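Notes follow the structure.
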Amino acid sequence: MKLQDKVAVITGAAGEHGIGRAIAKRYVQEGATLYLVDHPAAESQLKAAAAECVAEAPASRCEYATYDLALAGSAEAMIDAAVASLGRIDVLVNNAGVRARCEFGSFTREIFNEAVSVNLATPFFASQAVAPIMKRQGGGRIIHIASQMGTVAHERRAVYGMTKAALIYLAKAMAYELAPDGIIVNAISPGPVLTGYMKDEMDRNPQLREARNAYMRLARLGQPEEIAEVALFLAASSPELLLGQNLIVDGGYTIH
């Protein structure tokens, strides 16, 4: 029970077969108390995710709440509500994100602003809000879910990749400043993962699976549960000397 008596806040936790939900299930298996967050439009899915977590560990406590994380102040409100309800926060997983896919020259201000608000501003301000709480507790872990697109370029991903590259840098900057207070910050950059969204895309375009697999040296996409194992390692098992790092979990996508 590596996370016994620990409280974890996980954003973007609603999606069926999603990375956030997989992390939540893995954490609760290790004894964590959970506070799960997603967009109001996904409330029914979020409720189902919480029910799945309780089913995994019937004695566990799992709360959930919806926030529109594109709105200013929502990240701070989320942290305030979580600590008011559960008394502490030991792990923050900044997983929520939105996709922004346009040919360069076609991005609107609305697309740009939403991607920056959710993918970058939310982790930034949620981390700022949780840092004083973790300092009072004597430490904690913050994990940013970035992307291999923050390291390599791809068509139609200029804004998405930019936000993820900035998130990788944010992990370094935060780790440098917060480590003396016992707050260990790292990032995970998944490659193509067979989430519900990806499966739907491949069902619409069967050739996409072959194209994605061609990037992967293992000739298969990753599974959400594989990312969850890395998130568990960073939350519970990784040594303090591992900080400010970006763990690229992409099946070899970026090594060639």
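The values are calculated or read from the model by the stated rules, or taken from the named source; none is laboratory data. Computed from a predicted model, the values in this text were never measured in an experiment. No Cβ is skipped: glycine too gets one built from the backbone with ideal geometry, and neighbour counts run over all protein chains shown.
Could you please give the count of residues in segment 96-112 that are touching a strand residue (DSSP E or B) at 6+ places or on another chain (Cβ under 6 Å) and either hydroxyl-bearing (Ser, Thr, Tyr) or in a helix (DSSP H, G or I) (or both)?
Number of matching residues: 0.
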Exercise. Arg136 passes all but one of (1) over 30 Å from Arg220 (Cα atoms); (2) in contact (Cβ under 8 Å) with a residue 12 or more places away in the chain; which number fails?
Worked result: (2)
Exercise. Among the residues of segment 191-203, is any under 22 Å from Leu92 (Cα atoms) and either touching a Ser or Thr at 6+ places or on another chain (Cβ under 9 Å) or of a type in the set (Asp, Glu) (or both)?
Worked result: yes
Exercise. Quick one: is Ile79 under 22 Å from Arg21 (Cβ atoms) and either touching a Pro at 6+ places or on another chain (Cβ under 6 Å) or not polar (S, T, N, Q) (or both)?
Worked result: yes
For this session: Taking Ala59 as the residue in question, decide whether it is farther than 18 Å from Phe124 by Cα and within 17 Å of the chain's Cα centre (by Cα).
Result: no
For this session: Give, as residue ranges, the helices (runs of 4 or more DSSP H) completely inside segment 149-256 that count at least 2 residues that are in contact with a strand residue (DSSP E or B) (Cβ under 9 Å, 6 or more places away or on another chain) and in contact (Cβ under 8 Å) with a residue 60 or more places away in the chain.
Result: 158-178, 224-232
Exercise. Only one residue in Leu242, Leu170, Leu178 is within 22 Å of Lys2 (Cα to Cα), modelled with pLDDT of 95 or more and surrounded by 14 or more Cβ atoms within 10 Å (Cβ to Cβ), so which one is that?
Worked result: Leu242
For this session: Give the number of residues within segment 127-148 that are farther than 21 Å from Leu3 by Cα, among the hydrophobic types (A, V, I, L, M, F, W, C) and surrounded by 24 or more Cβ atoms within 10 Å (Cβ to Cβ).
Result: 1
For this session: Among the residues of segment 193-225, write down those that are small (Gly, Ala, Ser) and surrounded by 14 or more Cβ atoms within 10 Å (Cβ to Cβ).
Result: Gly196, Gly222
